[in-house]
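Here the structure is laid out as structure tokens; the discussion comes afterwards.
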Amino acid sequence: MSDLELNCPLPLQYEQIVMAHGGGGRLMQQLLDSIIQPVFNNPILNQKHDSAVVNINGSKIALTTDSYVVKPLFFPGGDIGKLAVCGTLNDLAMSGAKPLYLTCSLIIEEGFPIAELKRIVESMQQTAAQAGVLIVTGDTKVVDNGKGDGVFINTAGIGIITDNVDVKPGNIQVGDSIILNSDLARHGIAVMLEREGLKFEHHIESDCANLSGIVQELIQAGVEIHCMRDLTRGGLASGLIELATTSRHHIEVTESALPIHQDVNSACEILGFDPLYIANEGAFVLFVPESQTAQCLAILRRHPLGEQAIQIGQVKSTHAQGMVTLQTAMGISRVLDLLSGEQLPRIC
């Protein structure tokens, strides 16, 4: 099967930015590949990892930055402050780094309640303190009423990587086991239900959590982690597609192995969403040698954030480089592709 047959027709070319350009899907990838990446082109950026890994005086340092525009600001299981800290810690963790320091920049809309701002920054501090990191510098800007939607947050983080750790998409190997630590789609559904004021029989909370602790346990136990990716914008499917494309491997996932809570799955069915493309904030995938699968699962399952850990797939040796396929319960192989944008905007 040729590449031409595998790809959907390209979407219309845009002369202005649309919401889908920030959704983690095909339009965002085109924006990065055609406009942003060529301008900033360099070997570190081209690794396409969650964090940049640089060598400073013999030490491996991970550096990352992210911005948070979630709506609503407060949702079941978290808020924009907790989300900003956890999201940045997780990006550092995905490169195998132990987080050390964070920055915090606030863009606040005129008229925003000071009591709510205090609640947000206290949430940030509490989350950072629990992770053992300090928020050491930042910036504050105020924009006109009606121009900022409450508050936006940018955080950057820095961490250190030990010499024996080398985690990146380029290290993915044929035969690697693909392991998922937790259930899928809870964050996106929790935020969407809160935003729209929808009520379901079961209360759904975001999985927003700091993953750096569980990752450090794996590293300290000597698990040979080839690659990791937290499954934020675009969910599991988009994350795996990006890794398959970067590493030029075929990733095969078993649908029956994917852990999705029944209440989340029911909400997706009612609302017409595919849980494979919905954002998570406490779920990540690991690529480890097949021989270390059992050890990795045992370590994960001892941690509260890894109790549901399961092998969901494997890296295959076929001609289908850069492809992700889903083996369905009906025995059909479904090719996963990037959506143009995102099913649920403004969820992180």
task: List the number of the failed condition for V165; all other conditions in (1) part of a strand (DSSP E or B); (2) within 22 Å of the chain's Cα centre (by Cα); (3) farther than 22 Å from N280 by Cα hold.
output: (1)
task: Of all residues in region 155-189, count the ones that are buried (at least 24 other Cβ atoms within 10 Å of the Cβ) and more than 21 Å from I219 (Cα to Cα).
output: 7
query: Does region 67-76 contain at least one residue that is in contact with a helix residue (DSSP H, G or I) (Cβ under 9 Å, 6 or more places away or on another chain) and closer than 13 Å to I158 by Cα?
result: no
Evaluation of A190 against (1) within 24 Å of D66 (Cα to Cα); (2) at pLDDT below 95; (3) of a type in the set (A, V, I, L, M, F, W, C) (one fails), failing number: (2)
field: Among residues of region 202-223, those that are assigned to a helix (DSSP H, G or I) and closer than 19 Å to D163 by Cβ, counted
entry: 7
- line: Condition set within 13 Å of the chain's Cα centre (by Cα) and among the hydroxyl-bearing types (S, T, Y), scope region 223-256, selection farthest from L27 (Cα to Cα): answer is T232
statement: Counted residues in region 191-224 being buried (at least 22 other Cβ atoms within 10 Å of the Cβ) and either within 20 Å of I172 (Cα to Cα) or in contact with a Cys (Cβ under 7 Å, 6 or more places away or on another chain) (or both) come to 5
message: Kindly evaluate S105 against the criterion of being of a type in the set (S, T, N, Q) and closer than 30 Å to G170 by Cβ.
response: no
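The values are calculated or read from the model by the stated rules, or taken from the named source; none is laboratory data. Every value quoted in this text rests on a predicted model; they were computed, and no experiment measured them. Every residue, glycine as well, gets a Cβ built from its backbone with ideal geometry; the counts of neighbours run over all protein chains shown.
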